[in-house]
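The values are calculated or read from the model by the stated rules, or taken from the named source; none is laboratory data. Quantities reported herein were computed from a predicted structural model and do not represent experimental measurements. Cβ placement follows ideal geometry from the backbone for every residue including glycine, while neighbour counts extend to all protein chains displayed. These area figures cover heavy atoms from the full protein model, side chains too; ligands, DNA and RNA do not enter into them. Shrake-Rupley method; radii C 1.70, N 1.55, O 1.52, S 1.80 Å.
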Amino acid sequence: MTHSDGIVRPKTKRSKRFLESRAPKPIENFKNGMIIKGGNTSETVTIPLRILFVIITTQLLHSSQEKHSRPFEDSTALEFFSKKSDCSLFLFGSHNKKRPHNLIFGRMFDFHVLDMFELGIEKFVSLKDVKKDKCPEGTKPMLVFAGELFDTENEHKRLRNVLTDFFCGPRVSAVRLAGLEHVLHFTALDDKIYMRSYKVLLKKSGCRTPRIELEEIGPSFDFVMRRSHMASDDLFRSALRRPKGVKPKKKKNISHDAFGTRLGRIHMQKQNLDKLQTRKMKGLKKRKGEIVADATADATPPKLPRTDE
């Protein structure tokens with residue numbers, strides 16, 4: 001590939017295909033992520049990184065060790081690896097005396113850091129500590145966010161968005177009931193984030209709809225919010241911008257509710273309900289005497305001749 005005027009021009013067909021795969025698209029590819037282990041880590045950080053590597057359904061393409069990388073001070077190394085491996089999500093683990101047991105969840109936009117959140121691990125329960133049946137690897141989880149902070153605080157709103165990008169998994173067109181067996185629950189309370197993992201058990205209920213029970217299977221984390229780096233409103237708005245060709249055309253009088261149900265509005269002229277044809281039943285049929293009585297009641301009295309006094 002050759003560089004001329006800041007534009008990379010391919011020389012071979014292979015490099016041309018590579019540049020086409022990295023070029024902007026109306027519908028972007030599935031987000032890839034990378035797990036990076038810092039130079040100084042503890043066992044409390046290393047084990048969660050391995051477990052999250054299994055839980056996160058995002059495709060993880062890169063896992064390396066950066067001895068002197070500090071994302072909040074200098075993110076050049078992260079941006080380099082992001083562009084090299086085409087990853088838009090990253091999870092960085094580190095440990096030091098000032099900030100022990102650190103996990104940094106972040107994402108990129110145009111191979112530059114968009115958002116970063118530093119969470120400290122206060123309590124951790126591994127998968128091995130919970131002796132129960134686990135969900136199959138690669139199961140798409142259901143995400144539940146509880147707590148008023150996720151709805152009121154801008155920092156927690158953006159954190160919820162980042163965690164959704166990490167754990168949402170690939171988009172699917174249909175989901176079967178038996179496949180909904182993994183739940184990730186996040187609770188925000190007093191600047192702490194509690195993460196729990198549950199398995200959905202379908203029990204017999206005596207009717208068609210099964211009774212649902214949740215069984216904790218691990219892992220569980222108690223995080224504390226430390227530092228955060230959020231993009232400005234203008235940059236975040238530009239990251240959410242969608243091309244015109246992707247936006248669906250708006251149809252009149254058609255809307256969707258929170259569950260995706262399609263609702264339509266029909267405009268009709270005013271109807272005369274007195275002439276509405278109903279179901280004919282013998283019990284509702286009027287008799288001859290009733291018809292005569294109705295006719296006499298509806299008849300208007302004759303006008304009396306005017307007399308001059």
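Using the per-residue mean of other Cβ atoms lying within 10 Å as a proxy for protection, in what order, highest first, do the peptides 158-171, 237-250 fall?
Details: 158-171: 16.9, 237-250: 8.3.
Taking the mean over residues of other Cβ atoms within 10 Å, the ranking is 158-171, 237-250.
Of (i) 1.02; (ii) 1.28; (iii) 1.00, which one was derived for Rg/Rh (Cα atoms, Kirkwood Rh) from the structure shown?
(ii)
Among 201-213, 85-97, 256-268, how do they line up from the highest to the lowest mean number of other beta-carbon atoms within 10 Å? List each step's numbers first, then the result.
On the way: 201-213: 9.7, 85-97: 19.5, 256-268: 7.0.
By packing density, highest mean first, the sequence is 85-97, 201-213, 256-268.
Please give the per residue accessible area of the chain, computed with a probe of 1.4 Å over protein heavy atoms only, in Å². Present the calculation step by step, with values, prior to reporting the outcome.
Working: 22940 Å² over 309 residues.
Computed with neighbouring chains in place, this is 74 Å² per residue.
Which aspartates and glutamates have a Cα lying under 18 Å from the Cα of residue 11, excluding residues fewer than 8 positions away in the same chain?
20
Pairs 97/128; 31/140; 128/192: which are spaced more than 18 Å apart, C-alpha to C-alpha?
Numbers: 97/128 28 Å; 31/140 15 Å; 128/192 24 Å.
Flagged as over cut-off: 97/128; 128/192.
Using θ = phi - 60° and the Karplus relation 6.51 cos²θ - 1.76 cosθ + 1.60, list the HN-Hα couplings for the range 134-146 in order, rounded to whole Hz, with x at every Gly or Pro.
Couplings: 9, 7, x, 5, x, 5, 6, x, 9, 9, 10, 10, 10 Hz.
Provide the packing ranking of 117-126, 38-47, i.e. peptides ordered by the mean count of other C-beta atoms within 10 Å per residue, highest first. Display every interim value, and only then the final one.
On the way: 117-126: 17.7, 38-47: 15.4.
The most tightly packed comes first, giving 117-126, 38-47.
Please enumerate, by chain and number, the lysines with C-alpha under 21 Å from the C-alpha of residue 280, excluding those fewer than 8 residues away in the same chain.
Within reach: 288.
Collect residues whose amide H, placed 1.01 Å from N in the peptide plane, falls under 5 Å from the amide H of residue 114; neighbours closer than 5 in sequence don't count.
Residues meeting the amide H criterion: 107, 108, 109.
Calculate what fraction, in whole %, of the accessible area of the range 53-193 sits on carbon and sulfur atoms when a 1.4 Å probe is rolled over the protein chains.
C and S atoms contribute 50 percent here.
Could you work out how far helix 43-55 tilts from the main Cα principal axis of the chain, as a 0 to 90 degree angle to the nearest 10?
The answer is roughly 40 degrees.
Round to a whole angstrom and tell me the spacing of the C-alpha centers of the range 196-248 and the range 130-193.
Answer, in whole Å: 3.
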